[in-house]
1. Using only Cα atoms and rounding to the nearest 10 degrees, what angle (0 to 90) does helix 35-47 make with the longest principal axis of the chain?
2. Give me the percent of DSSP beta bridges within the chain that run antiparallel, rounded to the nearest 5.
3. For helix 59-69, what angle does its Cα long axis make with the longest principal axis of the chain, in degrees from 0 to 90 and rounded to 10?
4. So how do HIS324, HIS41, HIS182 line up by other beta-carbon neighbours within 10 Å, fewest first?
5. Provide VAL78, VAL86, VAL355 in ascending order of the number of other Cβ atoms located within 10 Å of each residue's Cβ, fewest first.
6. Could you order peptides 136-146, 250-260 by the average number of other Cβ atoms within 10 Å of their residues, highest first?
7. Given a cut-off of 25 Å, name the pairs among LYS26/LYS52; LYS201/LYS256; LYS39/LYS201; LYS38/LYS213; LYS256/LYS382; LYS52/LYS123 whose C-alpha atoms lie farther apart than that in the structure shown.
8. Among residues other than THR285 whose Cβ falls under 10 Å from its Cβ, what is the net charge (Lys/Arg +1, Asp/Glu -1)?
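Any read-out appearing in this document is the output of simple, stated calculations on the displayed coordinates, not a laboratory observation. Note that this is a predicted model, so its numbers are computed, not measured. Glycine also receives a Cβ, built like all others from the backbone with ideal geometry; neighbour counts cover every protein chain displayed.
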Amino acid sequence: MKNQQIPFSKPTVTGKEQQYIEEAIKSGYLSGDGPFTKKCHQWFEEHLRCEKVLLTPSCTAALEMAAILIDIQPGDEVIMPSYTFVSTANAFVLRGAKIVFVDIRPDTMNIDENLIEEAITSKTKAIVPVHYAGVACEMDTIMEIALRYELYVIEDAAQGMMSTYKGRPLGTIGHLGAFSFHETKNYTSGGEGGLFIINDKQFIKKSEIIREKGTNRSQFIEGIVDKYTWVDIGSSYLPSEIQAAYLYTQLENAEKINKKRLELWNKYYSELLELSKLGVIELPTIPAEYTHNGHMFYIKLEDVDARSKFIKYMRNNKVSAAFHYIPLHSSIAGSEFGMFNNDDVFTSKESQRLVRLPLYYNMSNSDSCLVIQIVVDYLNSKVNR
Ligand SMILES: *Cc1c(COP(=O)(O)O)cnc(C)c1O
């Protein structure tokens, strides 16, 4: 069968992006914190039911703000999984932290909450759970440990917009949270973008200062002070109104986008269930009491070899299947700036088996059927009958 190349991800487009960007241009206000940014902030504070949010140029930027806010000093230790994107670690390494990697759970690919406590030392300052594939980490346990050892919890919820943990939106459970609106995520602000979530009130004022190049400009705008000046360290963590305009139409369609992604996800799941029962593949686990956002559909094959063959077969059939995240502890920088605590039982083994299938908002029904057919045909030939 002939088909067009099916990509593994495509940026979400709702149709109103151009109109809103044009409105932003006509308004004559393009730098940070203009009308579209305010609308986005309002939407998030309502839907996430949280204290304070700030749009940022990326999730990376939001994580960097978190590291500055909790005052990471050289030598401090930060606990996180090794199976994550480089930014999760980089943000803290930039402030001089040493990263302590903890093994993951094979079912959700998230940090194993039961291994965190043994990684804590007198230098530990924070725990950074990453909600992989938009599926929550076991936050009750993590928050309980953090409370007991007086540590900060910063949620890397880059993939987790619209997902919940026991009814609570991801990103709103720890002291601070970070979302990504990169074009590969469920919602995008035109390619790059992010959101910083401040749940702990003590950080609100300082977070605004850090984001405004270390000045109290936001207080000046609100009329609290009559001139603005340099008051602390900071950087430029404001996205432009063009980015906010792009994002706003996606937020207006947030439910619709989420529903469509979940439909695609559920279709993969039900069509591949039989093959998972036959032991040819493993499917993702969504623990009870969690809702997810269909950010990613992955399957796990027997090993790295089986995965390479699968990806090649898919490529020959014009379907891009992808894997990602070489575990950070096995990278050049990861071994310099971090260490793996205890044994790597699952991180390397499970990450080498995992492959992601195409899933994006604008994916057509016929394309998703075609991908499923190609996957099923291939996997059927692997069944021992
Ligand atoms: C995408 C992603 C990031 C980085 O997001 P940017 O907005 O590109 O900076 C960080 N952490 C995780 C887990 C991600 O998936």
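1. Result, in degrees: 70.
2. 55
3. Tilt of helix 59-69: around 50 degrees.
4. By the 10 Å Cβ count, ascending: HIS324, HIS41, HIS182.
5. VAL86, VAL355, VAL78
6. Final packing ranking: 136-146, 250-260.
7. Numbers: LYS26/LYS52 28 Å; LYS201/LYS256 32 Å; LYS39/LYS201 21 Å; LYS38/LYS213 19 Å; LYS256/LYS382 37 Å; LYS52/LYS123 29 Å.
Over 25 Å apart, Cα to Cα: LYS26/LYS52; LYS201/LYS256; LYS256/LYS382; LYS52/LYS123.
8. Neighbourhood net charge equals -1.
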